[in-house]
Amino acid sequence: MNWRLIKDKFAQQSFALLLASSVVVILLILLGLGIKSMPLLQAESLWRVLSESVWSPLKGNFGFLPFIMGTIWVTMISLIIAVPLCILASVYLVEYASEALRRMVLPLMNVLAAIPPVLYGVWGVLFIVPILSDYVAPLFGIDSTGYTVFAGGIVLSVMIFPIMISIMVEVLQTIPQELKAASLSLGATKWETITKVILVKAKPGILAAIVLGISRAFGETVAVLMVCGNIPQIPKSFFDAGYPLPALIANNFGEMMSIPLYDSALMFAALLLFVIIFGFNLISRIILNRLEEKAQ
Amino acid sequence: MTNVKKRLLKEKIAKIVMQLSGMAITASLFFIVGTILYKGLPYLSWEMISQTPQGGFYIGKDGGILNAILGSLYLASFSTALATLIGIPISIYLHMYVKSGSFLERACKLLFDVLFGIPSIVYGAIAFSIMVWVGIRASLLGGIITITLLTIPIVVRTIDELLKTIPTDLKHVTFSLGATRWETAKMFLRYIRPGIFTAILLAFGRAIGDVAGVLLTTGFSDNLPKYIDEPSATLPLAIFFQLSSPIPEVQGRAYASALVLTFIILIIVICTHLLASKQQKHKI
């Protein structure tokens, strides 16, 4: 037997073991979360847990509706801000901007992506919250501390800029040149070509980028936790405080041990997050992989 | 106004709107860095980065953030090293040993892509309940395990992107010369060496900045981290806990921590940028 072949076989087997164990860890995580959240689901039906709006662990009421609504509010606000801005900016970068400008802006997006969540939170507390309470809320005649779902949405929108822009730019760059040339030669202006040809063609990719943005926004914990007030109520307007699901886990984990079903409820929250985000990511990755294969 | 003029006017307006949105996005970056510089610079001093907090991190007025700086560096270095040691073999295996285009390869790559997006609070929650179950208390070790899990997908994904840039012909040529897959893999690793450092830096950046994962697993301590089974402070935790303190000096420590963390992140970004251009030059 050749020594080199033995080395090769050894590498193969040990690497396969590493891969297998990391896949197994994921499955164990899912299994563990499921087992841990069973007690809650046995005590109450899934539908009741999701639709009940009273959260008082001491009395055994675990209604997740305020947290789900808080998450949805914050995510929606961030999408309302981020989606149009990102589509417009990436179209500009791909279709109008010079190579030099592109090479300047895209690295800046990498910096934005590298900034840790807690620094976004600091920015939110020191910059966004005071602006909201001192200037924006009075405009609408509302008295607000600034710690609102609106603040959470703004901070989140900035956090999802980089991922949306980088994917949208990539998608837009895969649109074939001939398609644009055909449209322009028929007498369409560049803007008409963009809205009627390019964006239509890029729609699946842009949707995938938005879904990835949603999943990022859904799971973001600390930055949102720091700015959105953390009151377990169903928000009714932009200037209400909210309490998103990830913040619930972060805030209450230390004290969960002494109250029955509490840890099960928090694990259920983690399971909910895991499943939703895994699904979102899976769908958009499959779309993006397909587009990439088509482009090659 | 004629129809054509109207259409051209529309184009002009659209262009301005697009420019404005691009500017808004870029400006947000400068607002963030600007806010942190403005608040943090007055508090940054040698005492701040060379001392531990005196008299409790939440109420003690004196001292600095050395415990958090060291804790962060330990945590991020250990977990990045572990994640690299686990992640690089996985991507080599998927690239060299599994038949390309097979179900296994595609499924695994998709899995790591998807895991990349799982929020750290979920990893933290899981690690915390495992730690309770096994009987480990909140400690540097718990944080390292959590952050390693979090950073493995980043390493796998980045290295995979790099391996993709190597022409498949090169693989075939080395095989036809009689090299084993392991020998070819070693050659490929040399080829993407600058890129590997990029992957390590990316993982390090994510590891040092993460707070949701360490919030539940690492605990907090005013002392310098000495042993791996003791709770430890990290920079993000120092920011998170001290920002809400009513005492201005303690808040100042949070601002200074934010500034130090920003510096570290900016240095990492600049290094990755330089390495990326080096990898570009490496291209055949």
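The table below gives the values:
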| read-out | value |
| --- | --- |
| Search result, residues across the range A:82-110 that are surrounded by fewer than 18 Cβ atoms within 10 Å (Cβ to Cβ) and of a type outside the set (D, E, K, R) | A:Pro84, A:Tyr96, A:Ser98, A:Ala100, A:Leu101, A:Met104, A:Leu106, A:Pro107, A:Leu108, A:Asn110 |
| From the options B:Leu189, B:Leu201, B:Leu274, residue that is part of a helix (DSSP H, G or I), facing chain A (nearest Cβ under 10 Å) and modelled with pLDDT of 85 or more | B:Leu201 |
| Residue list for the range B:247-271, filter: among the small types (Gly, Ala, Ser) and within 11 Å of another protein chain (Cβ to nearest Cβ) | B:Ala254, B:Ser257, B:Ala258 |
| Criterion: surrounded by fewer than 21 Cβ atoms within 10 Å (Cβ to Cβ), modelled with pLDDT under 90 and among the aliphatic types (A, V, I, L, M) - qualifying residue of B:Leu37, B:Leu44 | B:Leu44 |
| Residues of the range B:214-246 satisfying the condition of being within 9 Å of another protein chain (Cβ to nearest Cβ) and either in contact with a Phe, Trp or Tyr (Cβ under 9 Å, 6 or more places away or on another chain) or charged (D, E, K, R) (or both) | B:Leu215, B:Leu216, B:Leu237, B:Ile239, B:Leu243, B:Ser244 |
| Any hit, the range A:69-77, residues being more than 21 Å from the chain's Cα centre (by Cα), crowded, with 17+ Cβ neighbours inside 10 Å and of a type in the set (S, T, N, Q) | no |
| Matching residues, the range B:116-133, being within 9 Å of another protein chain (Cβ to nearest Cβ) and surrounded by 23 or more Cβ atoms within 10 Å (Cβ to Cβ) | B:Pro119, B:Ser120, B:Ile121, B:Val122, B:Tyr123, B:Gly124, B:Ala125, B:Ile126, B:Phe128 |
| Residue that is in contact with a strand residue (DSSP E or B) (Cβ under 8 Å, 6 or more places away or on another chain) and under 21 Å from A:Leu33 (Cβ atoms), where the choices are A:Ala247, A:Ala265 | A:Ala265 |
| Single residue of the range B:134-149 satisfying the filter (touching a Gly at 6+ places or on another chain (Cβ under 9 Å) and part of a helix (DSSP H, G or I)) that is nearest to the other protein chains (Cβ to nearest Cβ) | B:Leu149 |
| Qualifying residue in the range A:79-99 (condition: under 30 Å from A:Ala265 (Cα atoms) and touching an Asp or Glu at 6+ places or on another chain (Cβ under 9 Å)) | no |
| Filter pass, A:Leu156 being of a type in the set (A, V, I, L, M, F, W, C), crowded, with 21+ Cβ neighbours inside 10 Å, in a helix (DSSP H, G or I) and without any contact (Cβ under 8 Å) to a residue 40 or more places away in the chain | no |
| Number of positions in the range A:41-60 that are touching a residue at least 60 places away in the same chain (Cβ under 8 Å) and either within 12 Å of another protein chain (Cβ to nearest Cβ) or surrounded by 12 or more Cβ atoms within 10 Å (Cβ to Cβ) (or both) | 7 |
| Check on B:Gly71, in a loop (DSSP other than H, G, I, E, B), in contact with a Pro (Cβ under 8 Å, 6 or more places away or on another chain) and of a type in the set (Gly, Ala, Ser) | no |
| The lone exception for B:Asp113 - which of (1) surrounded by 20 or more Cβ atoms within 10 Å (Cβ to Cβ); (2) more than 13 Å from every other protein chain (Cβ to nearest Cβ) it fails | (2) |
| Evaluation of B:Gly135 against (1) modelled with pLDDT of 85 or more; (2) at positive phi (one fails), failing number | (1) |
| Flag for A:Phe274 being more than 26 Å from B:Ala238 (Cβ to Cβ) and either at the interface with chain B (Cβ under 9 Å from one of its Cβ atoms) or touching a strand residue (DSSP E or B) at 6+ places or on another chain (Cβ under 9 Å) (or both) | yes |
| Condition check for A:Ala114: in contact (Cβ under 8 Å) with a residue 60 or more places away in the chain and at the interface with chain B (Cβ under 7 Å from one of its Cβ atoms) | no |
| Helices (runs of 4 or more DSSP H) wholly inside the range A:182-268 that include at least 2 residues being surrounded by fewer than 23 Cβ atoms within 10 Å (Cβ to Cβ) and at pLDDT 90 or above | A:203-219 |
| Selected residue (criterion: nearest to the other protein chains (Cβ to nearest Cβ)) from residues of the range A:4-40 that are touching a residue at least 24 places away in the same chain (Cβ under 8 Å), surrounded by 16 or more Cβ atoms within 10 Å (Cβ to Cβ) and of a type in the set (A, V, I, L, M, F, W, C) | A:Ile29 |
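The values are calculated or read from the model by the stated rules, or taken from the named source; none is laboratory data. For clarity, every value in this text was computed on a predicted model and none was experimentally measured. We place every Cβ from the backbone using ideal geometry, glycine too, and count neighbours over all the protein chains shown.
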